[in-house]
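For reference, the structure discussed in these notes is given below.
The values are calculated or read from the model by the stated rules, or taken from the named source; none is laboratory data. The structure presented is a predicted model; accordingly, all values stated were derived computationally and were not measured. Here the Cβ positions follow ideal geometry from the backbone for every residue, glycine too, while neighbour counts run over all protein chains shown.
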Amino acid sequence: MNATSFGKRSHGGARLPHRKHTAELETVAMPAPQSVTILMSQHIGVPCKPVVKVGDMVKTGQLIGQSDKLISAPIYSSITGKVKAITEVVADNGSTVEAVVIAAEGEETLADGIAPPKIDTLPDFIAAVKASGLTGLGGAGFPAHVKLNPSNLSEIEFLIINAAECEPYITADYRTLMEDTDDVMGGILLVKEKLGIQNVFIGIEDNKPKAIELYTKLCADKAGVSVAALRSRYPQGAEKTLIYETTGRVVEEGKLPSSVGCIVMNVSSVAFLNSYIRTGVPLIKRRLTVDGGAVNEPKNLIAPIGTSVKDIIDFCGGYKEAPKKLLMGGPMMGLALPDDSYPTKKSTNAILAFTEKECREAPMTNCIRCARCVFVCPMSLMPVGIEKAYEARDVQTLKELKTNLCIECGSCSYVCPAKRKLVQSIKLGKALILEDAKKKSAQKPAEKADQKAAAEPEKAAKTEKKADGPKKAAVKEEAVKEGTDNGK
Amino acid sequence: MESKLLVTVSPHIKSPMTTQKVMLNVLIALVPAAIASVILFGWRSLLLIAVTNISCVLFETLFNMVTKRPNTVADLSALVTGTLLAMNLPVTLPLWMAVVGAFVAIVIAKMLFGGLGQNFANPAILARIVLLISFSTAMTTWAKPLQWLYGEANTGATPLASASVMAQTSYLDLFLGNKGGCLGEVSVLALLIGGLFLIFRGIITPTIPFTYIATMFVFSWLFGADPVAEILSGGLMIGAFFMATDYTTSPFTEKGKIIFGVGLGLITAVIRAFGSYPEGVSFSILLMNILVPYIDKLTRTKPFGRVKV
């Protein structure tokens, strides 16, 4: 099939600078560092419990953490060495998480029993996906075995491969497309065949013409697989946007893509899946982009999961100058780190070190009501209204404006000429809605059943206390950090 | 490593567009009209522009000092208000009246409501209306344009105020600005250049000017006036491109902007056809400014994938 042009949606999306400086840099493999810190919560869902003890010797690819809950994914050692500590550390999102620290010792050896999984039936396949430890590599980190096992499998018509890579700077998915072509195509056909999905779209932003050309050629003789060339308009890779752009379907609020017959998978995820089925080596390393003005040698590299940011930067020739901001992830949605001791996770697709100059921004002024934020919002929300409602602590208006639908893509804050902290206000607005729902459900426990929407996030809020740190924890932490920063 | 990293909420990059640049673009867009005013009415135009600008900046600074707030003049919005105000004054206006206008615009219309972005009405429009009501004669004394060229120093009516003057004025005169009127409103050509600049730079969308002018055209025609002359005269062009498009006092969404523009056109045409003040544009903008919060509420965007409760 030929590449089709998509992206006719008139409303929404921001024009961002691409800054894909590392696009043509071939990936290099980073050797195992002296030690890795492997978080027991690297995904959306229940954290894993360590299955090793301090002092244990572990081999590369050996299981070190797992959970018996459905929404979770096992975690494997990414190097060979000795378990130095099992301790609580602060993760990139500010939550406190259990972690296994492994010090490299002895020669790198693969764990015993690593072999290609035997797959006959669909349940075999799903079990293999679970055993691989795969969680969405695009950033959200949703366990893949849950995503690939929807209750309405027979209604799934579209498999959408997310290769939009719409965030500036990041080129890891692009390098996967160009370097691991066999695994990408193999993975796509594997999932398509195992799940019996008729149509596959590979969504690629049109700022990657080489990839579009290559995959259009590769898809030519594959029935039902085609490339969707997407207009480079951020956030083209946002799940709901991508589904709309490729299929014209709208995922309703609170529903999953499967509700409209779609499964969306990141391109690196499918490529990994194919390599796992080939080799049996679970998810222990991943490709990431290192860039930013404060890095000596920007690179695309494959690093063991759990490597510290410092080790990665050192591998890239160290800092060119003292960084002012360190990001895990892209510049639009990535998290700013307080220092470079933080370890990478399964979902870490980039490490960016910005100089003081790259962090400079114009002073904040009053909102001038220019409505640029309204125009760019991919969810057609009104960030300016949400900010006002948050400032007034007006929960009712926050709900009416559908604050909960915000995907925190950052487009509004990006375009704002007044440099308002819109995303921050929206995150805090979401927290306010949660708090309010909690208060209300505490008052009227009988009505709890009606408040399904309210109850679910509440669960998340509870687990947060147990230090597993889904988004909610991050919101609060970030707010606190932001507050102190403003206070200076 | 020393812990001096900046930890803020994403996004970590921002567009180069700033409030200051938005205002600067508006100022640049007003340059053709300012040049036209100097050509048509002589150097006193420039004096008037300077006086309103300086007093606007001074009033804003003073207000910030008195209320112990950081000075906000760096956002350049005071200069936009100052220039727009001057554009809405006759060239012969005594300077002290211009200063009064600047006071009304900055202190009363803008700063008392919380400053930039918080005012409910366009400051320059409000000042023009206050001046008109307070100093009607001075505000409706119109110098004939191009006096330096023809050497005659006298005044006359604007085409809109007098049917006989309108009859003597050709479309071309109306278009170029060879007619009586305020500094910046007379030259349609200069205003169009500025307006198109704003649209081209992405500072404004064409929705408000287009719907405003189109509605005005249709209703003037329905009311039996010459629609071409109507849209080429008075403050319509400066109103449509520069005053009605003021972010703060216009609706957020494109749908809201259409309602706003149609309302403006309708009210202007009604006032011009049936009203006793020759002030269709300023009154219509003021009236529609007041409706903006309601239009905004009516035309909220429909969130993507929302479920109605």
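So which residues in the stretch A:377-419 are within 25 Å of the chain's Cα centre (by Cα), assigned to a helix (DSSP H, G or I) and facing another protein chain (nearest Cβ under 10 Å), if there are any at all?
Residues satisfying the conditions are A:403, A:404, A:405, A:411, A:412, A:413, A:414, A:415.
Among the residues of the stretch B:96-113, is there at least one that is surrounded by fewer than 17 Cβ atoms within 10 Å (Cβ to Cβ) and closer than 20 Å to residue A:363 by Cβ?
no
How do the helices (runs of 4 or more DSSP H) wholly within the stretch B:1-105 filter down when requiring 3 or more residues that are free of Cβ contacts under 8 Å to residues at least 60 places away in the same chain and closer than 21 Å to residue B:237 by Cα: which remain?
The qualifying helices (runs of 4 or more DSSP H) are B:19-41, B:77-87.
Looking at (1) in contact (Cβ under 8 Å) with a residue 60 or more places away in the chain; (2) assigned to a loop (DSSP other than H, G, I, E, B); (3) away from chain B (no Cβ under 14 Å); (4) out of contact with any Asp or Glu (no Cβ under 6 Å at 6 or more places or on another chain), find the lone condition where residue A:22 falls short.
(4)
Which of the following residues is under 16 Å from the mean Cα position of the chain (by Cα) and either surrounded by fewer than 22 Cβ atoms within 10 Å (Cβ to Cβ) or part of a strand (DSSP E or B) (or both): A:113, A:106, A:139?
A:139
Looking at A:37, A:80 in this structure, which one is touching an Asp or Glu at 6+ places or on another chain (Cβ under 6 Å), crowded, with 18+ Cβ neighbours inside 10 Å, closer than 22 Å to residue A:310 by Cα and modelled with pLDDT of 90 or more?
Unique residue meeting the criteria: A:80.
Just to be sure before I move on: is residue A:368 of a type in the set (Val, Ile, Thr) and over 23 Å from residue A:418 (Cα atoms) in the structure I sent?
In short, no.
Do we have residue A:132 as farther than 27 Å from residue A:299 by Cβ and of a type outside the set (A, V, I, L, M) here?
No: the conditions fail for residue A:132.
Restricting attention to the stretch A:329-376, and to residues there that are in a loop (DSSP other than H, G, I, E, B) and of a type in the set (Asp, Glu), which single residue is farthest from residue A:136 (Cα to Cα)?
A:361
Do you know which of the residues in the stretch B:219-245 that are in a loop (DSSP other than H, G, I, E, B) and at pLDDT below 95 is surrounded by the fewest Cβ atoms within 10 Å (Cβ to Cβ)?
Step by step, filter the stretch B:219-245, then rank; the result is B:224.
Find the residue count for the stretch A:275-320, including only residues that are on the phi > 0 side of the Ramachandran plot and either of a type in the set (Lys, Arg) or within 14 Å of another protein chain (Cβ to nearest Cβ) (or both).
2
Which of (1) of a type in the set (Ser, Thr, Tyr); (2) in the same structural domain as residue A:329 (by TED's automatic domain parsing); (3) out of contact with any strand residue (DSSP E or B) (no Cβ under 6 Å at 6 or more places or on another chain) does residue A:121 not meet, given it meets every other one?
Here residue A:121 meets the rest and fails (2).
Pick out, from the stretch A:144-211, the helices (runs of 4 or more DSSP H) lying fully within it that include 1 or more residues that are surrounded by fewer than 19 Cβ atoms within 10 Å (Cβ to Cβ) and not hydrophobic (A, V, I, L, M, F, W, C).
Per the criteria, A:172-179, A:181-195.
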